[in-house]
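Working notes, structure below.
FYI, it's all coordinate maths here, none of it is from the lab. Keep in mind the model is a prediction, meaning the values are calculated, not measured. Counting neighbours? That spans all protein chains shown, and the Cβs are built from the backbone with ideal geometry, glycine included.
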């Protein structure tokens, strides 16, 4: 098992918390691996903090690329997919691991709001939560009330070309099927007390 962050297993689970997959439906039907180019595009436009917790790492597509670019990456997932530390239910964690400066992931879409809320609850004040979401995540009265009305959204980095997010990590099948019909963007959130309107960029 690939483990990027230094420290022993006991210290990790004391700091993070683990789960026995009590909500199995969550991971079975909502795993979409992300092309690593998503990191390259973001890195060229935004200063990603050095110490990153990738809390839904899947097979490590984003975490590996972050590490290649020099970031210190702590990778976890609810499910064992051959990378990072498995059995960690992000939504049940208490504090970020070690010297975490931001949380960055492609979350299970149906739990995206909960991921943002929880990340901002446990991150140091003002630290960024960077989520890869469908552009349509801007819609919904519930998301507006729970996320956007609070001034947490700082920036949107919209992909100018379609990004590949492959169900169950099968990029070949997705490409053979004509690519992605879904538009994605990086959403940067932070609870910093600043309620200025978010900025939008194209990457």
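Structure notes:
- Listed by Cβ neighbour count within 10 Å, with the fewest neighbours leading, 186, 202 appear as 202, 186.
- Ranked for footprinting exposure by Cβ neighbours inside 10 Å, fewest first, 93, 76, 135, 113 give 135, 113, 93, 76.
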